[in-house]
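A.B. asks: I have a structure here, written as structure tokens, and I will follow up with some questions on it.
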There are 2 protein chains.
Amino acid sequence: MTAHKHPPEAGQTADQGFVRHYLLYLLAAASEGVSTEFHAQVRARGVRVPEWRILACLADEDGQMVTQLAALALMEQSRLTKIIDQMADKKLVTRRSDERDRRRVRVFLTATGRSLARELVEDARIHEAGIIDQISPAQAAILKHVLARIVALHGPEARPAGERRTTRPAEEES
Amino acid sequence: MTAHKHPPEAGQTADQGFVRHYLLYLLAAASEGVSTEFHAQVRARGVRVPEWRILACLADEDGQMVTQLAALALMEQSRLTKIIDQMADKKLVTRRSDERDRRRVRVFLTATGRSLARELVEDARIHEAGIIDQISPAQAAILKHVLARIVALHGPEARPAGERRTTRPAEEES
DNA sequence: ATCCGGAATATGAATTATCATGTTTTTGCC
DNA sequence: GGCAAAAACATGATAATTCATATTCCGGAT
């Protein structure tokens, strides 16, 4: 009531709030925080974030099909298609349709794309090392382990493949 | 589910790839996975994801100023402004300008907004409990602790406040 | 007081992402 | 073999997001 300084003075703050202890928030905030940091480096190289993700995925395994790649890169197929278009324009990747199944389109790094990918992956490793250092390698190892488990349980390949985005919108007028 | 027909036949797969062990990827994938799951419930209630985030933040502390709220909710100020517009239309929140500093706009939950927020937070708690159960409460506790540390080091309030997303990167590489 | 820089929000044009659907190819079934 | 159904991508209209900038207001220095 009488707190006329600048900061809080507001609502009925419980302990320190639900949000700050909520697992999904912590995951999002941690991800956001560290990623934003690295993304600055990515952009500094003239690469957009979604492109970096694709480069990294392809550096791991070249010639993935679009659907695969989209799942791995955590993005929707139609979006990936468009990003691939742009990357193809920039000569970072090329498309080639699969021999055995011509519905499939496989995406390959060009020489340029590959070397760019290598550089960025190297940067990423360095950046990651910095973070792991800050939180102690031991804790980082545990962290990665638990995260991997969560991803295994709730990640892209863990979902029934038909409900990867399906929900009843339940359009209520308001 | 995965290509049980065609063997990879593709690239020079190292062990299992860089990406799948990369901390930033694990964070993003874990976050994505568990969040997508819960977001289905949110949408089922006719609430959009960004709205849910704001509701949760305001439930924690009502009457936050826009900038604060944006930082906490991990979104840009201009975006938040627009979301607040929509939420105000739906009578979930109201704006009131701060007495002491009239540049500031404080956002408050309406009665409707508050009860919706409560319901959703309750859902979130239940959902979270399910996940924590899967990965054992002990590991979950460690996970949260490490995540909180990462957020403290790299999160919104940990950044120089001038480089939070503004001003062009200046094309420089160091 | 007045001026100047910076903080807090709002706004609008340009860019991106999403959703539903279309096209082509393959598979499974009869 | 022929057909229906499903898989894999592409596309285009709609909606959301970003980026730069405008507007208003505060605080300190002159």
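The values are calculated or read from the model by the stated rules, or taken from the named source; none is laboratory data. These numbers come from a predicted model, not from an experiment. No Cβ is skipped: glycine too gets one built from the backbone with ideal geometry, and neighbour counts run over all protein chains shown.
A.B. asks: Among the residues of the stretch A:32-64, which ones are more than 18 Å from A:S115 (Cβ to Cβ), of a type in the set (A, V, I, L, M), within 13 Å of DNA strand D (Cβ to nearest atom) and touching a Leu at 6+ places or on another chain (Cβ under 8 Å)? First the steps, then the outcome.
C.D. replies: Narrowing the stretch A:32-64 to residues more than 18 Å from A:S115 (Cβ to Cβ): A:32-40, A:43, A:49-50, A:64.
Pick out the ones that are also of a type in the set (A, V, I, L, M) and you get A:34, A:40, A:49.
Narrowing further to those that are within 13 Å of DNA strand D (Cβ to nearest atom): A:40, A:49.
Across the stretch A:32-64, there are no qualifying residues.
A.B. asks: The conditions are (1) of a type outside the set (G, A, S); (2) over 20 Å from B:G46 (Cβ atoms); (3) in contact with a Phe, Trp or Tyr (Cβ under 6 Å, 6 or more places away or on another chain), and B:R102 fails exactly one of them. Which is it?
C.D. replies: So B:R102 meets the others, but not (3).
A.B. asks: Just checking, how many residues over the stretch B:42-52 are at pLDDT 95 or above and away from DNA strand C (no atom under 15 Å from the Cβ)?
C.D. replies: Residues flagged as at pLDDT 95 or above and away from DNA strand C (no atom under 15 Å from the Cβ) within the stretch B:42-52 amount to 0.
A.B. asks: Among the helices (runs of 4 or more DSSP H) lying completely within the stretch B:68-164, list those that include at least 1 residues that are under 30 Å from A:L153 (Cβ atoms) and at the interface with another protein chain (Cβ under 10 Å from one of its Cβ atoms).
C.D. replies: Those helices (runs of 4 or more DSSP H) span B:111-134, B:137-154.
A.B. asks: Next question, about the same structure. Can you tell which of B:L143, B:L80, B:L72 is touching a Leu at 6+ places or on another chain (Cβ under 8 Å), modelled with pLDDT of 95 or more and under 23 Å from B:R48 (Cβ atoms)?
C.D. replies: Checking each option against the conditions leaves just B:L80.
A.B. asks: Condition first: buried (at least 23 other Cβ atoms within 10 Å of the Cβ) and touching a residue at least 40 places away in the same chain (Cβ under 8 Å). Can you find one or more residues in the stretch A:31-48 that meet it?
C.D. replies: Checked against the condition, which is being buried (at least 23 other Cβ atoms within 10 Å of the Cβ) and touching a residue at least 40 places away in the same chain (Cβ under 8 Å), the stretch A:31-48 yields at least one hit.
A.B. asks: Looking only at the stretch B:61-80, count every residue that is away from DNA strand C (no atom under 13 Å from the Cβ) and either surrounded by 23 or more Cβ atoms within 10 Å (Cβ to Cβ) or under 19 Å from A:E32 (Cα atoms) (or both) and tell me the total.
C.D. replies: Matching residues across the stretch B:61-80 total 1.
A.B. asks: What's the number of the only condition in (1) more than 8 Å from every other protein chain (Cβ to nearest Cβ); (2) within 29 Å of B:T81 (Cα to Cα); (3) modelled with pLDDT under 95 that B:S174 fails to meet?
C.D. replies: Evaluating B:S174 over (1) more than 8 Å from every other protein chain (Cβ to nearest Cβ); (2) within 29 Å of B:T81 (Cα to Cα); (3) modelled with pLDDT under 95 leaves (2) as the failure.
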